[in-house]
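Please treat every number below as a calculation from the coordinates, not as lab data. Quick caveat, the model's predicted, so the values are computed rather than measured.
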Amino acid sequence: MNAIIVAVPLIGLGFARFYEREMLDAVENDMIHQGQVLRAALRDDVEVGPERLATRGPLLRAIAGLEMKIGSQLFVSEGVEEAMPNLEKALQFAKQNLREGGTIEEKRNYAGRPLAFCIDWRQMRDEKSARMMSAQIRSYCKGLPLEVIEYQGKPFFDVFPCSVNKGVALKSLKEKLGISRGVLYMGDSFTDNPAFEVSDISVGVTGGKSPPNLESTYWIKFEDIPFFISQLFKNQFIFNPELPGIRIRG
């Protein structure tokens, strides 16, 4: 699972696919979810203050920091296009070797081509078969070579065409939008730590306790996200650590 840079003011909501209906209800369709990409029609009437999130800019989409579309401009990270044939080859191999209970989640780019994918075996009943399948696909992907991100103790891994640095991507996004402050980033993976460092307000997302591997200032539980977002909108994008669900990392 990976968080994705998607838009200001809400950046990094890769986990939002699990809360699509709740989030749409929470923000009254101001944000539209599609796959692992969020589109945001950004308002242009909110000024940026010390605690206010930046909300100025055109329609924006971004995927894992590898591709960003701002208005009519499309930006693709270096190395992506060259590695796409290998990514597509790996995806085909994964589909051919997927076993019962295993799933593949594709992350597609603006043109609809696969840009990354996730192999998930949490629904597989046969633990031995799950280990063999995941090891086979992982080994094939690494041999092409592609960027494989594993999550310790988790029954899934992500495959990207090249290395992903969400901090660099977020910094680039801020520069392209002309935003120097007022950025909230939410993420649920150690791969989000570089983006936490360059954001103004960083919120780690977890299923339970304070996440030890996330270097965010605040944290929130998955199930609290929809209500938090609805209150953030009602609060005119002014972040307050006392908003529902927000906890300070101890």
If we restrict to alpha carbons, what Rg and Dmax does segment 80-160 come to, in Å? 12.2, 37
Please turn the phi angles of segment 208-223 into ³J(HN,Hα) values with the Karplus equation 6.51 cos²θ - 1.76 cosθ + 1.60 (θ = phi - 60°), one per residue in order, whole Hz, x for glycine and proline. x, 7, 4, x, x, 9, 10, 9, 9, 6, 10, 8, 8, 7, 3, 5
